[in-house]
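Working notes, beginning with the structure itself.
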Amino acid sequence: MRVLFPFFTVIVLVLLAFAGVKMANLHFLFGVIIPYAAITVFIAGFIYRVVGWGRSPVPFRIPTTCGQMESFPWIKQNKLENPSTTLGVIGRMLLEVLFFRSLFRNIKTEFREGPKFSYGSDKWLWMAGLAFHWSFLIILIRHLRFFFLKVPYLIHVTESLDSFLQIGAPLFYITDALILGAVTFLVLRRFLIPQVKYISLAADYFPLFLILTIAATGVLMRYFSKVHIVGVKELAMGLVSFSPAVPEGIGVLFYIHLFLVCVLFAYFPFSKLMHMGGVFLSPTRNLANNNRAVRHINPWNYPVHVHTYEEYEDDFREKMKKAGLPVEKE
Amino acid sequence: MAKGPNKEELSKLDYTLPSTEWMDTPVEFKPGTFCWGAKGKNLQTVEFPNARDWTPVEDDWKLPQEWEGTVLEAMADRLSKYRSFKLFMDICVRCGACADKCHFYIGSGDPKNMPVLRAELMRSVYRKYFTTPGKILGRLAGARELNVDVLKEWWYYFFQCTECRRCSVFCPYGIDQAEITMMGREFLNLLGLNTDWISGPVANCYMKGNHLGLEPHAIMNSIEGMIDDIETITGIRINPSFNRKGAEILFVTPSGDLFADPGTFTAMGYMMLFHELGLDYTWSTYASEGGNFGFFTSNEMAKRLNAKIYAEAKRLGVKYIIGGECGHMWRVLTQYMDTWNGPADFLEVPVSPITGTRFENSKSIKMIHVAEFTADLIKHGKLKLDPSRNDNLKLTYHDSCNVARGMGMMEEPRYIIKNVCNNFYEMPEDTIREKTFCCGSGTGLNASENMELRMRGGLPRANAVKYVHEKHGVNMLANICAIDRATLKASMEYWVPQVSVTGLHELVANALIMTGEKERETNLRGEPLPGKEGN
Ligand code: HEM
Ligand code: SF4
Ligand code: SF4
């Protein structure tokens, strides 16, 4: 169920787009209305979630310190793993977000008879994760070309870097291969590593299947079953200039691709994909470890009932006097 | 070992997963893996709800009426108060990077001890009541209803997490299971579901100032005994003061150091050092506990206990506070105390009276760690040390979880060790510093009835010690935590009996050449010093 349900959901989504465009001729629905709706849900949902998190305060400053703290001048602080300044925190966060620093630490615990444990470096998840996310980002940037009349320089640079392994025409993009490979790896590890399989939910398979299908339809369009690119550009330009028009003859594969992307966008705010926003807010990573030097304020700090010294002395006064301890009240 | 868990059985680890999904695998209360339930009288002492005696293995936990509502209300409340909790409920991608990082999972093979699944125990309920997909899709979205079985599962597994934060180091979003465990324990405490070994110490700390329940004269007696021992060994009679107004420094350490070996040797170490320096300091019998068992209970309880430290510093009129060797105590002091009970504007920024060093990094909380204090002394050449007195030791060092991952003090203790001991060997890199393994019995799990759990949880640490024992002949495990001194002692006796346990300041005091001391024949333990064995 945890695998089959998301699997068939993706298939149903594909069929839906196919039937809608090919049989019911709902080009305007799939080409204009759904994309607008999806992007609206994405933006509104994303903001809603982030604001939701933001509304809960951070009562305590609880960084997970992963290196030497700020100490004497003669002890070297690890400013990135245990930052005590905002600059250090920014550095730590950049490493996390751009290079998945924590995942890079990953080690694999192995058990042998004895009992004996050994810990081996295990960078596969980190590598696949990076390959997937960076490919995703670069592909996203490349797609922006459809939305500009004159393609910005930055996008050109991205494209030419991405295609430096030029194999035939059309240009072959490295990220296309990477994303397919990386997502396949991520799916496979969910099937093959027993522990990961055991913890996986439908919500873990669904985005992977969805992204895999998006990438596959994209690759199909680009290298195998050509669609009418000029038409796609026209559609995209129409969408961003808020004067949507649906050109003829783009090809159903494109609509399937677009529909799945819309589903991904609309699904995003309600799912674990929100880790994209969440990673920036994580209190164990985005706070400086300067607690002892700068007081952190808890907005809901409230007075509590304590057992005061006076009460304590009342309980033990005679014993204290006998033991020669000073007391406040004789 | 005559009694206790069977070592052979504990050594056979099996990571095969159950054939049923985790939600369909009922929790099984295996003897030796859980603590006794809290006693009514101890809960009453601190005005906790549903105070009554109860037994975890009995079917009826004597829960209050409408307890589900209580838990869900509290959950809604904490979600709105803690961004950490809310975020950690939402953003886990179940990548599994944290799975094999928990000592309890490594030592037990129980999948619900994987940090990610421990979190899912709570998350599944969160989804059911607080998220739209969970409400609509239920099980398919990983959601489930809160019922007695789920509650018992929570109790069993949230008291199998030592809040050590090792998982959080490896998680790409820093998801910290310790935060979730803390919330879980808060909810359980609203129903009177603490353990005996936590609620007893909490009541003691509250009424008597320390977790052992030592009354004022008993604290003094215990310290008198140590002073006698110090005199026997060094010929020097030292004279500490208690509850003394006008002292420059208040000294607070875990009360475990006053009670049992090898903690007492560490306490002797502090006193010898302070005596040699002529430090103007006082003990307090009211704030006689550095550790904070409230921290294993609820945020509010932790604050209630912690309040004594500043209150006592204020009453006595000291300038600042020095804290002894303890693990979670230092996470509490670093990350919570000032926020709860500060600002300590009646104190001054700590300045070492011997070296003049100003502890800028503690300028707000006005409390420094004794290891910082000592490292600074050594760096300035203020101590006469003879490390050869520790030559019988081959030492390794255990980073306490909380000091490593909730503070980041890693070099100071090592610097001290290298100055007081000639033979020092590090354990493998993946088992020290920020990746250090828990002793296996932190957060109030160091009871005796759950010995199997403790030995399982302690196995990864013990295994790394065993490695350096076999490779370098290591025979002593140093640490800066009172709980470690109690728990590692037990796990070493069980897994690596050739290795003993010591606090850092025991080593310092052994090496310390005191003014006017007689020629020492023995170390603090009464064992002959190296080269004096024949006498
Ligand atoms: C700031 C941006 C982001 C950061 C720092 C980030 C980081 C991560 C990390 C560290 C992982 C765990 C390792 C892995 O499985 O690859 C992960 C997983 C994942 N991320 Fe992201 N991510 C970001 C944005 C996105 C976006 C925009 C998507 C797209 C739709 C996405 C989709 C996923 C998916 C599907 C997984 C789970 C992979 C699996 O199931 O194994 N992420 N992310
Ligand atoms: S490492 Fe973090 S994101 Fe991955 S499963 Fe564990 S808690 Fe979840
Ligand atoms: S905090 Fe420590 S004990 Fe708790 S789940 Fe994480 S690794 Fe395990």
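The values are calculated or read from the model by the stated rules, or taken from the named source; none is laboratory data. Being a predicted model, the structure only gives us computed values, none of them experimental. Here Cβ is always computed from backbone atoms with ideal geometry, including for glycine, and neighbour counts include all displayed protein chains. SASA here: full protein model, heavy atoms, side chains in, ligands and nucleic acids out. Shrake-Rupley method; radii C 1.70, N 1.55, O 1.52, S 1.80 Å.
The table below gives the values:
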read-out: Subset of the range B:404-418 that is open to solvent by less than 10 Å² (accessible area, probe 1.4 Å) and of a type in the set (D, E, K, R) - its residue that is farthest from the other protein chains (Cβ to nearest Cβ); value: B:R414
read-out: Filtered residue count, the range B:236-280, keeping only those that are assigned to a loop (DSSP other than H, G, I, E, B), in contact with a Phe, Trp or Tyr (Cβ under 8 Å, 6 or more places away or on another chain) and in contact (Cβ under 8 Å) with a residue 60 or more places away in the chain; value: 4
read-out: Some residue of the range B:173-185 being without any contact (Cβ under 8 Å) to a residue 12 or more places away in the chain and within 16 Å of ligand 1 (Cβ to nearest atom); value: yes
read-out: Which listed residue is more than 8 Å from chain A (Cβ to nearest Cβ), in contact with a Leu (Cβ under 7 Å, 6 or more places away or on another chain) and touching a residue at least 60 places away in the same chain (Cβ under 8 Å), from B:C421, B:C401; value: B:C421
read-out: Output for the range B:75-98, where each listed residue is more than 8 Å from every other protein chain (Cβ to nearest Cβ) and open to solvent by 10 Å² or more (accessible area, probe 1.4 Å); value: B:A76, B:D77, B:R78, B:C98
read-out: Filter result (touching a residue at least 40 places away in the same chain (Cβ under 8 Å), touching a helix residue (DSSP H, G or I) at 6+ places or on another chain (Cβ under 6 Å) and either outside any loop (DSSP other than H, G, I, E, B) or not assigned by TED's automatic domain parsing to the domain that holds B:D391 (or both)) within the range B:448-477; value: B:M455, B:R456, B:G457, B:G458, B:L459, B:P460, B:L477
read-out: Residue check for B:S388: among the hydroxyl-bearing types (S, T, Y) and modelled with pLDDT of 95 or more; value: yes
read-out: From the options B:C439, B:C421, residue that is within 15 Å of ligand 3 (Cβ to nearest atom) and open to solvent by less than 20 Å² (accessible area, probe 1.4 Å); value: B:C439
read-out: Members of the range A:102-123 found to be at pLDDT 95 or above and more than 8 Å from chain B (Cβ to nearest Cβ), listed by number; value: A:F104
read-out: Test: residue in the range A:141-148 that is modelled with pLDDT under 95 and in contact with a Lys or Arg (Cβ under 8 Å, 6 or more places away or on another chain); value: yes
read-out: Residue list for the range A:248-284, filter: of a type outside the set (A, V, I, L, M, F, W, C), within 14 Å of another protein chain (Cβ to nearest Cβ) and either part of a helix (DSSP H, G or I) or within 16 Å of ligand 3 (Cβ to nearest atom) (or both); value: A:Y267, A:P269, A:K272, A:H275, A:G277, A:G278, A:S282, A:P283, A:T284
read-out: Of all residues making up the range A:125-151, the number that are away from chain B (no Cβ under 14 Å), within 9 Å of ligand 1 (Cβ to nearest atom) and open to solvent by less than 30 Å² (accessible area, probe 1.4 Å); value: 1
read-out: Failed criterion for B:L121 (all others in (1) under 25 Å from the mean Cα position of the chain (by Cα); (2) part of a loop (DSSP other than H, G, I, E, B); (3) touching a residue at least 12 places away in the same chain (Cβ under 8 Å) hold); value: (2)
read-out: Pair list, Cβ under 8 Å, 6 or more apart: the range B:211-235 residue within 11 Å of chain A (Cβ to nearest Cβ), other residue aromatic (F, W, Y) and assigned to a helix (DSSP H, G or I); value: B:E215/A:F316; B:P216/A:F316
read-out: Qualifying residue in the range B:192-207 (condition: more than 10 Å from chain A (Cβ to nearest Cβ), surrounded by fewer than 21 Cβ atoms within 10 Å (Cβ to Cβ) and not β-branched (V, I, T)); value: yes
read-out: In the range B:86-108, the residues that are assigned to a loop (DSSP other than H, G, I, E, B) and either away from ligand 3 (no atom under 15 Å from the Cβ) or more than 20 Å from the chain's Cα centre (by Cα) (or both); value: B:I91, B:C92, B:V93, B:R94, B:C95, B:G96, B:A97, B:C98
read-out: Number of the condition not met by B:D149 [criteria: (1) out of contact with any Cys (no Cβ under 6 Å at 6 or more places or on another chain); (2) within 14 Å of another protein chain (Cβ to nearest Cβ)]; value: (2)
read-out: A:R317 surrounded by fewer than 20 Cβ atoms within 10 Å (Cβ to Cβ), more than 30 Å from A:I214 (Cβ to Cβ), within 14 Å of chain B (Cβ to nearest Cβ) and among the basic types (K, R); value: yes
read-out: Among residues of the range B:125-174, those that are over 24 Å from B:A447 (Cα atoms), within 16 Å of ligand 3 (Cβ to nearest atom) and part of a helix (DSSP H, G or I), counted; value: 3
read-out: Test for B:G342: is it in the same structural domain as B:D484 (by TED's automatic domain parsing), under 23 Å from the mean Cα position of the chain (by Cα) and surrounded by fewer than 20 Cβ atoms within 10 Å (Cβ to Cβ); value: yes
read-out: Failed item in (1) within 11 Å of chain A (Cβ to nearest Cβ); (2) part of a loop (DSSP other than H, G, I, E, B); (3) without any contact (Cβ under 8 Å) to a residue 60 or more places away in the chain, with B:F437 passing the rest; value: (3)
read-out: Filter result (basic (K, R) and within 16 Å of ligand 3 (Cβ to nearest atom)) within the range A:95-109; value: A:R105, A:K108
read-out: Single match in B:S284, B:S241, B:S255 (criterion: touching a Ser or Thr at 6+ places or on another chain (Cβ under 8 Å), at pLDDT 95 or above, of a type in the set (S, T, N, Q) and not assigned by TED's automatic domain parsing to the domain that holds B:R185); value: B:S241
read-out: Test: residue in the range B:368-380 that is outside any helix (DSSP H, G or I), in the same structural domain as B:L504 (by TED's automatic domain parsing) and of a type in the set (K, R); value: no
read-out: Evaluation of B:K112 against (1) more than 7 Å from every other protein chain (Cβ to nearest Cβ); (2) within 16 Å of ligand 1 (Cβ to nearest atom) (one fails), failing number; value: (2)
read-out: Filter result (facing chain A (nearest Cβ under 10 Å) and either at pLDDT below 95 or within 17 Å of A:H275 (Cβ to Cβ) (or both)) within the range B:124-133; value: B:R127, B:T131, B:T132, B:P133
read-out: Entirely in the range A:150-205, the helices (runs of 4 or more DSSP H) that have 1 or more residues that are within 16 Å of ligand 3 (Cβ to nearest atom); value: A:194-199
read-out: Search result, residues across the range B:341-397 that are free of Cβ contacts under 8 Å to residues at least 12 places away in the same chain and within 19 Å of B:A509 (Cα to Cα); value: B:G381
